[in-house]
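The values are calculated or read from the model by the stated rules, or taken from the named source; none is laboratory data. All values reported here derive from a predicted model rather than from experimental measurement. Cβ placement follows ideal geometry from the backbone for every residue including glycine, while neighbour counts extend to all protein chains displayed.
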Amino acid sequence: MMETELTEDIDQPLRDRLKAHPGPALLWGAGLCLLLLLEGPTYLDGLLGAIGFGLGLLPGAPGAEAFASASAFFSELPHLLSRELIPNRGYYDGSAWQGTFLGLEPKYAWLIRFLLVYVYVAVLLGWLWYGYVTFRRHYRAADWTPTDDVIDRLRSHYWGLFGLAVVVFFITMAAFAPVVGPTTAEENIEGPYSHDMQYYDADTETVETITIGEANLGSASRGSGDSNVGIWSYDDFGRFHPVGTLVSGKDLFTFLAFGARVSLFIGLGSMAIAGFIATTLALVTAYYKGVTDLIVVLTSDSVQAMPALLLVILATVVFKNHWIAELYNGAMLFILLFALIRWPGLWRAVRGPALQVGEQEWVDAAKSYGQRPTVIMRKHMAPYILGYLLVYASLTLGGVIISVSALSFLGLGITAPTPEWGRAINIGQSYIASQSWHISLIPGILITLVVTGFNALSDGIRDAIDPQSEGAEGGATGAAAGGGGG
C-alpha cells in the first residue's frame with residue numbers, strides 16, 4: 001500500500017502537488033513579488049525603453065511609441081533605491097549640508113545608498129535560494145537528484161564561492177549603475193554642459209550655480225599640483241568622488257559602473273550567440289557523425305586559424321561607417337565578432353561530452369521508438385552538455401572582457417562617450433607615476449578581479465559537476481560522499 005502511494009506521488013504533476021499544499025509556495029511567491037516591486041518600476045522602465053529604442057531603429061516597425069510611453073509611465077513610479085529617496089547631491093552652506101539625505105555629508109549619503117543596493121541583492125538572492133529549498137522540501141517528487149550533489153559540492157568549494165561573490169558584485173554594479181554611482185550618466189558622461197548644479201562659494205558666502213561641465217574642468221585629475229581629485233575625496237564644488245575623477249573631471253566611479261554594463265553586455269551577448277552555435281553544432285555532429293562532423297571540424301579549424309586580433313581590427317575598420325557599428329556605439333558589432341571567433345573553442349569543449357551522450361542506450365532507445373532527431377537532441381542530449389558549456393563559457397567570458405578593454409585601450413573599441421574600462425586605462429596611462437595614478441590603476445584592478453572571478457566560478461562549477469576533475473579539492477569531493485537529502 002505504501003509503495004503504491006509513493007508511486008502515485010512521484011507521477012503526480014507539479015501543478016497538482018502545488019494545489020494539494022499551496023501554503024509554502026504562496027508565501028515564497030508573495031515575498032518575491034514584494035522584493036521585485038520595491039525595485040521593479042525602474043527596470044521595467046529600462047527594459048521597455050530599450051525595446052522601444054530597438055523598434056525605432058527598424059523603419060516602419062510598429063509599437064515604438066507605445067513602448068516609449070510605457071517606459072515613461074514606469075519611470076514615474078516610486079521605487080526603494082533611488083536618488084530621490086537617498087540623495088547625495090548637495091552643498092555646504094557654511095553651517096550644514098543642504099539637499100543631501102538627512103543632511104549627511106555626500107560621502108555618507110552615497111555610501112548608505114551603495115550598501116543598500118548590495119543588501120537588497122543579497123536578500124533577493126537569499127530569497128531565491130529559499131525558493132529552491134522550499135521546492136526541494138515540499139514539491140519535488142524525488143527525495144534526491146544528482147543536482148543536489150552538484151550544489152552541495154559547489155557550496156563547499158571556496159574558490160568557486162569567491163568567484164561567485166566577485167561575479168555577483170560585478171553584475172550588481174552593472175545592473176544598478178544608475179543608483180550606485182554618485183552622479184548620473186546623463187550629467188557626468190553624456191551631457192555635462194546641459195545640466196546645472198549648485199555649490200557654496202566660501203569667498204562670497206553665497207550659493208552659486210554652475211554647469212556640471214564647467215565644474216568638471218575645475219575638478220580634473222592631471223597629476224600635477226592641485227590638479228587632482230583622488231580616492232575618497234571631494235572636489236572644490238562639494239561633490240564626492242569615491243575613486244577620484246578622470247582627466248576630464250568626470251567622476252571615475254560613475255564611468256566604471258556604466259562601463260561594467262558595456263563589458264557585461266558584450267560578454268554575455270557574444271557568449272549567448274557563440275554558445276547557441278556551439279551547442280547546436282555539437283548536438284548535430286554527435287547525432288549524425290561522419291561527414292557532418294568532418295565539415296564542422298574543418299570549419300572550426302579554419303576560424304581558429306585566423307588571427308583573432310587582426311580579424312577584429314580589420315572588421316572594426318571595414319564596418320566603421322556601417323549602421324551596425326552605430327548600435328550601442330559599436331557594442332553590437334563586437335558581440336557578433338566575438339561570437340564568430342569564440343564558437344569553435346566552445347564547440348570543441350562540448351563536442352566530446354556530446355559524442356559520449358550520443359552513444360548512450362537511452363538515445364538508441366529514443367531512435368528505435370521513432371522520435372524525431374530534433375526532439376532527441378533537445379530532450380535526451382542537450383541537458384547533459386549544458387553544464388560543460390556553462391563552465392567553458394564562464395572561462396571565455398573573461399577573455400572577451402579583456403579583449404574589449406584591450407581594443408578600447410588601443411582606440412579601436414567602444415567609441416566615446418559610451419564608457420569602457422579599457423579607455424579609462426588609456427586616458428590615465430600618462431599619469432600612472434603621478435598623484436593621478438587612480439585613473440589607470442583602479443580600472444586595471446577591476447578588470448583583473450572580474451576576469452579572476454569568472455575563472456574561479458568556472459573552476460567551481462567544473463569541480464561541482466565532475467568531482468574527479470583535476471582541480472577538484474578534497475572538500476568538494478567530500479561533499480559528494482555525503483550525498484544530498486531532500
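Considering LEU217, LEU246, which residue is of a type outside the set (Lys, Arg) and more than 14 Å from PHE258 (Cβ to Cβ)? So the residue among LEU217, LEU246 that is of a type outside the set (Lys, Arg) and more than 14 Å from PHE258 (Cβ to Cβ) is LEU217. Only one entry in THR100, THR145 is buried (at least 19 other Cβ atoms within 10 Å of the Cβ) and either more than 22 Å from the chain's Cα centre (by Cα) or among the hydrophobic types (A, V, I, L, M, F, W, C) (or both), namely THR100. Inside the stretch 396-426, residues that are buried (at least 19 other Cβ atoms within 10 Å of the Cβ) and farther than 19 Å from LEU309 by Cβ make up a count of 3.
For every residue, the table says whether it meets (1) in a helix (DSSP H, G or I); (2) among the aromatic types (Phe, Trp, Tyr); (3) without any contact (Cβ under 8 Å) to a residue 40 or more places away in the chain; (4) closer than 16 Å to ALA257 by Cβ.
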| site | (1), (2), (3), (4) |
| --- | --- |
| ILE414 | no, no, no, yes |
| LEU446 | yes, no, no, yes |
| LEU449 | yes, no, no, yes |
| PHE454 | yes, yes, no, no |
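Of the residues screened, VAL391 is not one that is part of a helix (DSSP H, G or I), β-branched (Val, Ile, Thr) and surrounded by 24 or more Cβ atoms within 10 Å (Cβ to Cβ). SER368 falls short on exactly one of the conditions (1) modelled with pLDDT under 95; (2) surrounded by 14 or more Cβ atoms within 10 Å (Cβ to Cβ), and that condition is (2). Taking every residue in the stretch 368-388 that is in the same structural domain as LYS289 (by TED's automatic domain parsing) and closer than 17 Å to THR147 by Cα and pairing it with any residue that is not in a helix (DSSP H, G or I) and not polar (S, T, N, Q), at least 6 positions away or on another chain, the pairs with Cβ-Cβ distances below 9 Å are GLY387/ASP466; TYR388/ASP466. Screening the stretch 215-266 for residues that are more than 28 Å from the chain's Cα centre (by Cα) and of a type in the set (Lys, Arg) and picking the one that is nearest to THR396 (Cα to Cα) gives ARG222.
Taking the stretch 189-257 and the strands (runs of 3 or more DSSP E) fully enclosed by it, the elements with 2 or more residues that are in contact with a Gly (Cβ under 8 Å, 6 or more places away or on another chain) are at 196-201, 231-234.
The number of residues in the stretch 288-307 that are touching a residue at least 40 places away in the same chain (Cβ under 8 Å) and of a type in the set (Gly, Ala, Ser) comes to 1.
Each residue in the stretch 300-327 was checked for being under 26 Å from THR280 (Cβ atoms) and not in a loop (DSSP other than H, G, I, E, B), and 12 of them qualify.
With respect to ARG342, is the statement that it is surrounded by fewer than 23 Cβ atoms within 10 Å (Cβ to Cβ), in a helix (DSSP H, G or I), in the same structural domain as LYS289 (by TED's automatic domain parsing) and among the basic types (Lys, Arg) true?
no
Answer yes if at least one residue in the stretch 307-317 is surrounded by fewer than 17 Cβ atoms within 10 Å (Cβ to Cβ) and closer than 19 Å to ALA354 by Cβ, and no otherwise. Checked the stretch 307-317: no residue is surrounded by fewer than 17 Cβ atoms within 10 Å (Cβ to Cβ) and closer than 19 Å to ALA354 by Cβ. Candidates are the residues of the stretch 278-295 that are aliphatic (A, V, I, L, M) and crowded, with 17+ Cβ neighbours inside 10 Å; the one that is nearest to GLU420 (Cα to Cα) is ALA278.
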